[in-house]
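Take a look at the structure set out below.
The values are calculated or read from the model by the stated rules, or taken from the named source; none is laboratory data. Only a predicted model underlies this, so the values are computations on that prediction, with no experimental measurement involved. For neighbour counting, all protein chains shown are included, and Cβ atoms are generated from backbone atoms with ideal geometry for every residue, glycine included.
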Amino acid sequence: MTDLDTYVTPNESGILRLYALDSDRPEATDLASALRDQRDDAGPLLARALGTSDIDPYWVALIDTGDLGTLGLEGYLIEGQDVPPEALAAARPMLDAVQGLVVAVPSRAFGGLAQELDPVPWLQPLTSFDTRREPTPVVPLAPAEIDPIPP
């Protein structure tokens with residue numbers, strides 16, 4: 001877990017930012033509806049809400065914590081967003097307390113562009129996670145011993 005950085009670096013990858021959506025606000029309800037229904041205005045609405053110029057809503061997840069059941073937000077982040085379990089430890093109390101709608105914005109939604117984020121008050125920054133991992137080492141296989149087939 002990292003503090004929610006408001007600056008998206010050029011060609012950023014592997015960062016997942018979480019925001020709580022205040023569903024009591026009409027603007028938030030409209031954004032949630034646009035994301036849920038994959039409307040054409042979802043990108044511009046989300047860009048305005050994040051205070052940025054451009055975002056691809058295809059990569060953004062709208063999560064209703066009430067729909068997660070026993071999986072919970074933590075389980076969803078592990079299974080659905082590939083956040084390493086060890087990265088969630090410090091955020092566990094906050095994740096357990098979050099109710100309602102959460103917007104998960106991965107780096108790829110910003111299209112590699114550097115951007116400064118300035119979210120509106122009804123889109124409350126929660127935290128961010130670094131989902132990058134060390135590559136798995138490749139261990140060469142031992143050559144197979146093959147006995148010749150007798151004639």
*May I ask you to verify whether THR65 is touching a Leu at 6+ places or on another chain (Cβ under 6 Å), β-branched (Val, Ile, Thr) and closer than 26 Å to ASP24 by Cβ?*
yes
*Read through the list (1) of a type in the set (S, T, N, Q); (2) within 22 Å of TYR76 (Cβ to Cβ); (3) surrounded by fewer than 18 Cβ atoms within 10 Å (Cβ to Cβ), then give the number of the only condition that THR136 fails.*
(2)
_I need a count of the residues in segment 45-56 that are within 16 Å of THR29 (Cα to Cα) and either in contact with a helix residue (DSSP H, G or I) (Cβ under 7 Å, 6 or more places away or on another chain) or not in a helix (DSSP H, G or I) (or both)._
3
*Do we find that LEU50 is surrounded by 17 or more Cβ atoms within 10 Å (Cβ to Cβ), touching a residue at least 12 places away in the same chain (Cβ under 8 Å) and either within 21 Å of ARG133 (Cβ to Cβ) or among the aliphatic types (A, V, I, L, M) (or both) in this structure?*
yes
*Tell me which residues, restricted to segment 90-116, are surrounded by 12 or more Cβ atoms within 10 Å (Cβ to Cβ) and more than 20 Å from LEU77 (Cβ to Cβ).*
GLY111, GLY112, LEU113, GLN115
*asked:* farther than 18 Å from ASP5 by Cβ, aliphatic (A, V, I, L, M), at pLDDT 95 or above and within 16 Å of the chain's Cα centre (by Cα): which single residue out of ILE63, ILE78 fits that description?
replied: ILE63
*In segment 50-103, how many residues are among the aromatic types (Phe, Trp, Tyr) and within 15 Å of LEU35 (Cβ to Cβ)?*
2
*What are the residues in segment 7-44 that are outside any helix (DSSP H, G or I) and over 24 Å from THR65 (Cβ atoms), if any?*
TYR7, VAL8, THR9, PRO10, ASN11, GLU12, SER13, ASP40, ASP41
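Starting from residues that are part of a helix (DSSP H, G or I) and of a type in the set (Lys, Arg), keep the ones in segment 90-149 and report whichever is farthest from LEU21 (Cα to Cα).
So in segment 90-149, the residues part of a helix (DSSP H, G or I) come out as 90-97, 107-110.
In the following step, the residues that additionally are of a type in the set (Lys, Arg) were identified as 92, 108.
Working: ARG92: 19, ARG108: 21 Å.
Applying the filter and picking the extreme gives ARG108.
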